[in-house]
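What follows is a set of notes on a single structure, which appears directly below.
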There are 2 protein chains.
Amino acid sequence: MVIKPYGFAIWEKMQAEIDRMFKATGHSNAYFPLFIPKSYLSKEASHVQGFAKECAVVTHYRLVDDPNGGGVVVDPNAKLEEELIVRPTSETVIWSTYKKWIQSYRDLPILLNQWANVVRWEMRTRIFLRTAEFLWQEGHTAHATEEEAVAETVQMMNVYADFAENYMAVPVIKGTKSESERFAGAVDTYCIEALMQDGKALQAGTSHFLGQNFAKAFDVKYLSKENKEELVWGTSWGVSTRLMGALIMAHSDDNGLVLPPKLAPIQVVIVPIYKGDEQFAAVTAEANKIKAALEAVGVSVKYDNRDTYKPGFKFADWELKGVPVRLALGARDLENGTVEMARRDVEDRKAAKKVVPLTDVVAEVQATLEDMQNSIYQKALSFRQEKTTKVDTYEEFKQVLDEKGGFVLAHWDGTTETEEKIKEETKATIRCIPLDAEAEAGKCIYSGEASTQRVLFARAY
Amino acid sequence: MVIKPYGFAIWEKMQAEIDRMFKATGHSNAYFPLFIPKSYLSKEASHVQGFAKECAVVTHYRLVDDPNGGGVVVDPNAKLEEELIVRPTSETVIWSTYKKWIQSYRDLPILLNQWANVVRWEMRTRIFLRTAEFLWQEGHTAHATEEEAVAETVQMMNVYADFAENYMAVPVIKGTKSESERFAGAVDTYCIEALMQDGKALQAGTSHFLGQNFAKAFDVKYLSKENKEELVWGTSWGVSTRLMGALIMAHSDDNGLVLPPKLAPIQVVIVPIYKGDEQFAAVTAEANKIKAALEAVGVSVKYDNRDTYKPGFKFADWELKGVPVRLALGARDLENGTVEMARRDVEDRKAAKKVVPLTDVVAEVQATLEDMQNSIYQKALSFRQEKTTKVDTYEEFKQVLDEKGGFVLAHWDGTTETEEKIKEETKATIRCIPLDAEAEAGKCIYSGEASTQRVLFARAY
């Protein structure tokens, strides 16, 4: 996976906001090693089962010239005594470090995050959704009490939901995972689930309550105020470059990306329309004024003065890149004291346009950006509502999945067996057990056993 | 290497400034893969010789349960057809990508940077200076002409020097490397060299003019305006967490870190002096006012209200962490309308202190921070001037190295042979051929051959 500069600029905007949210909730960043000794992975039994199957293993530390000519080969004399695993996630290396940092209740809580690359071997990759290496953040916290650790887990799920809804403009369902979808080594996994435009679900972020599992595995204890030795409680939580996939698939249309203004690297592009140098100079002078005025109120602006391309090409190019607002400025506009504004989120090209007096351009752009942020969210929310179906029979369940797609709310008997049968037969999985679901007596669509609330099914990425 | 939160906060401040400087000079960030196929490394002949010797090699992609019980073992059936190298630097993977991106002169220049972790296997590690994995940024640019690529190389060396001197408060010597110290694959390596307080030199950043070496190795050509196929010119440049080592070793004293205000995560700490809850409440109210007033002008402030530690402990703790300004606020100060200010960079504890009227505290703190930034730089500069010696004989050379240390300016005949003999006999290396050196006829201190300028020798980290 190569992330090109424009894509990376979106990721940087995401990172900046998420990092700000983490710091506002008391977290600091730190950095832990890329390589994890193989024996660490084995210490937490379910963790190793979940991650050891798909990891990159470093076995040697040197190459030498190929004695048979040509390139270089692995030096057989440089074999590591213990293999190193390229981190698929960092619980083991971090808890082995926390053991050294934690002695007493005074050392708690530890509220850390790291921005890092991780590797999970994948046979079938899909850009931004499933790549062997991806970029993410992973929070790892340690607490004196269970209550505090659970509260942290829920808080971080809420931070993710806030980011998804208010920055990415992607509505999400908060919930907990069923046992089979839980993080390997967690007691409980909270998640946010989003719906893409093709009707498939995407897990957008997870927050794990680890109980004392990693504290047990790495023998991390603290002396309480009452002078008693206690095991530490843990959480971990992460979002990744997968959010880029979510952003793209939630909002794009046939003309390209549609970016919510809060995450757009370029919020406004100004395209000059001119004939000859004189008109170009006049238009450029006005464009630079508009640019400066917008930048003064914190709007990011690109003036596309390339002379190698025509306006039509530029329009399509910036549409493809999802720039929220386009201003087209020509000689006639200068005469009239106006500029043509087009917003990216309205598909009808005519309806998307509006002629704006130059005197109002800053206010109009600001209002449009704000409106667009809300409007993109509302559109995605309406779509999700439309594509969320309650069903009460397995027949109906399968029919909805095949014909309509989206989220399906159905009763489930709570067993892994039923969950797996449903997955096998329909490719739908339990995305989450929604936190805000009403208690409702019903019967499992598959087994007919009693159930007390509906859970959220979907076919997923 | 684990980077703890306080250390990482310094690195984040460094990153933010450096990143801003890169963007101000027209660069964007991107991301390229961690793993490099082994065959890529071999494509540039001198590059592979420089890096293949010390790299982590991924040979397998799966672990399985150990059939003999216990943990997990490498799955012999999951051997990669071609080994993957954990990037020691990314020229090869980036130029293999640039080949796909570059067709015509319109695609040039490409001005990219990435923030990443890299791995160079090290037997003897030293925290922040020599670790197997480290964090860095690596810029990789592609240009149509040699002039442009050379100008870029020099520009980035100047950006590094600007950052080192004006943010880190570390004076540096700019120069080029001798052939033997040049980056493997470069035509020319520019560098900035700093002097540590123990008299040893530290290379703080390098900027490489790659000529057309990587373009040749990866067959990267462009169609010029004149419709001719031409090889692309390249540069690469990087600084790393090594800068943390430079910062620490350049300024610290026996009481701990001394941080230049521009890079201090906490610029001002307020320590309350009180007896009983009432005094604590009154002091806290005033401390919070001071904190708010300082934060309003962009100064970062920590109010250390921990009740588990006494003021003396806190003073020592923040001194150790290098916080530039300490304000001690007690009940008597409230009566007098004053606060006691202490600056970290003055070693005499008495001289470091000053009683300041509460009404002046913001102005006094701002002036002190500014003065401290300059003063730390001046101190390091004086030290370097004192520790830079011109010598004309080999005897004198060895004597200065052993008795005084520091930089030694001496004539050299320009041969690798002489350079290596000197290194073997004295452990001193040529740090750089300074850019601002005067032309001066002389004789090589080792061979007696003619020389036209002095070069900079030192024992180095």
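The values are calculated or read from the model by the stated rules, or taken from the named source; none is laboratory data. Since the model is a prediction, treat every value here as computed from it, not as a measurement. Using ideal geometry, Cβ is built from the backbone for each residue, glycine included, and neighbour counts are taken over all protein chains shown.
Quick notes on this one:
- Scanning segment A:101-118 for residues that are among the hydrophobic types (A, V, I, L, M, F, W, C) and facing chain B (nearest Cβ under 10 Å) returns A:W101, A:I110, A:L111, A:L112, A:W115, A:A116, A:V118.
- Taking segment A:330-345 as the range and being part of a strand (DSSP E or B) and not small (G, A, S) as the test, the residues that pass are A:T338, A:V339, A:E340, A:M341, A:R343.
- Listing of strands (runs of 3 or more DSSP E) fully contained in segment B:75-145 that carry 2 or more residues being outside the structural domain of B:R242 (by TED's automatic domain parsing): B:79-86
- Residue count for segment A:39-73, restricted to those that are at pLDDT 95 or above and more than 30 Å from B:Q49 (Cα to Cα): 0.
- Scope segment A:39-65; condition within 7 Å of chain B (Cβ to nearest Cβ) and small (G, A, S); matching residues: A:S39, A:S42, A:A52, A:A56
- Qualifying residues in segment B:18-38 (those that are more than 22 Å from the chain's Cα centre (by Cα) and of a type in the set (A, V, I, L, M, F, W, C)) - the one surrounded by the most Cβ atoms within 10 Å (Cβ to Cβ): B:I36
- Odd one out for A:G71, checked against (1) more than 23 Å from B:R87 (Cα to Cα); (2) out of contact with any Gly (no Cβ under 7 Å at 6 or more places or on another chain); (3) at the interface with another protein chain (Cβ under 8 Å from one of its Cβ atoms); (4) small (G, A, S): (1)
- Number of residues in segment A:19-38 that are farther than 10 Å from A:L112 by Cα, assigned to a loop (DSSP other than H, G, I, E, B) and more than 7 Å from chain B (Cβ to nearest Cβ): the value is 1.
- Summed over segment B:1-17, residues that are assigned to a helix (DSSP H, G or I), at the interface with chain A (Cβ under 7 Å from one of its Cβ atoms) and within 16 Å of the chain's Cα centre (by Cα) total 3.
- Looking only at segment A:344-379, and only at residues there that are surrounded by fewer than 19 Cβ atoms within 10 Å (Cβ to Cβ) and among the acidic types (D, E), the one that is nearest to A:I266 (Cα to Cα): A:E370
- Looking only at residues in segment B:119-133 that are of a type in the set (V, I, T) and within 15 Å of the chain's Cα centre (by Cα), the one that is farthest from the other protein chains (Cβ to nearest Cβ) is B:I127.
- So A:V172, is it closer than 23 Å to A:F407 by Cα and in contact (Cβ under 8 Å) with a residue 24 or more places away in the chain: yes
Yes/no matrix, rows are residues, columns are (1) over 15 Å from A:E230 (Cβ atoms); (2) in contact (Cβ under 8 Å) with a residue 24 or more places away in the chain:
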| position | (1), (2) |
| --- | --- |
| A:W101 | yes, no |
| A:P109 | no, yes |
| A:Q114 | yes, yes |
| A:V119 | yes, yes |
| A:R124 | yes, no |
| A:R130 | yes, yes |
| A:E133 | yes, yes |
| A:G139 | yes, yes |
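- Residue in segment A:285-298 that is closer than 28 Å to A:K174 by Cβ and either in a helix (DSSP H, G or I) or outside the structural domain of A:V400 (by TED's automatic domain parsing) (or both) present: no
- Flag for B:D317 being closer than 29 Å to A:K225 by Cα, part of a loop (DSSP other than H, G, I, E, B) and of a type in the set (D, E, K, R): no
- Candidate set from segment A:202-232 (those that are part of a loop (DSSP other than H, G, I, E, B) and without any contact (Cβ under 8 Å) to a residue 24 or more places away in the chain); member that is surrounded by the most Cβ atoms within 10 Å (Cβ to Cβ): A:Q212
- Residues in segment A:76-100 that are facing chain B (nearest Cβ under 10 Å) and exposed (fewer than 15 other Cβ atoms within 10 Å of the Cβ): A:K79, A:K100.
- Filter result (in contact with a Phe, Trp or Tyr (Cβ under 9 Å, 6 or more places away or on another chain) and among the β-branched types (V, I, T)) within segment A:289-334: A:I290
- When A:L63 is tested against the conditions (1) over 28 Å from A:L111 (Cβ atoms); (2) in contact (Cβ under 8 Å) with a residue 24 or more places away in the chain; (3) outside the structural domain of A:D188 (by TED's automatic domain parsing), the lone failure is (2).
- Residues that are surrounded by 22 or more Cβ atoms within 10 Å (Cβ to Cβ), of a type outside the set (A, V, I, L, M, F, W, C) and more than 29 Å from the chain's Cα centre (by Cα), drawn from segment A:39-75: A:Y61
- With respect to being surrounded by 18 or more Cβ atoms within 10 Å (Cβ to Cβ), of a type outside the set (D, E, K, R) and in contact with a Leu (Cβ under 6 Å, 6 or more places away or on another chain), B:M341 fits the description.
- Residue in segment B:148-163 that is surrounded by fewer than 18 Cβ atoms within 10 Å (Cβ to Cβ) and in a loop (DSSP other than H, G, I, E, B) present: no
- Residues that are closer than 30 Å to B:L329 by Cβ and touching a strand residue (DSSP E or B) at 6+ places or on another chain (Cβ under 6 Å) number at least 3 in the following strands (runs of 3 or more DSSP E) confined to segment B:346-461: B:353-357.
Each row is one residue, and each column tells you yes or no for (1) of a type in the set (S, T, Y); (2) under 15 Å from A:I173 (Cβ atoms).
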| residue | (1), (2) |
| --- | --- |
| A:V365 | no, no |
| A:Y377 | yes, yes |
| A:A380 | no, yes |
| A:F407 | no, yes |
| A:I430 | no, yes |
| A:I433 | no, yes |
| A:G448 | no, no |
| A:L456 | no, yes |
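- Only a single item in (1) in a helix (DSSP H, G or I); (2) touching a helix residue (DSSP H, G or I) at 6+ places or on another chain (Cβ under 8 Å) is not met by B:A169, and it is number (1).
- Subset of segment A:280-301 [of a type outside the set (A, V, I, L, M, F, W, C) and surrounded by 14 or more Cβ atoms within 10 Å (Cβ to Cβ)]: A:T284, A:E286, A:N288, A:K291, A:S300
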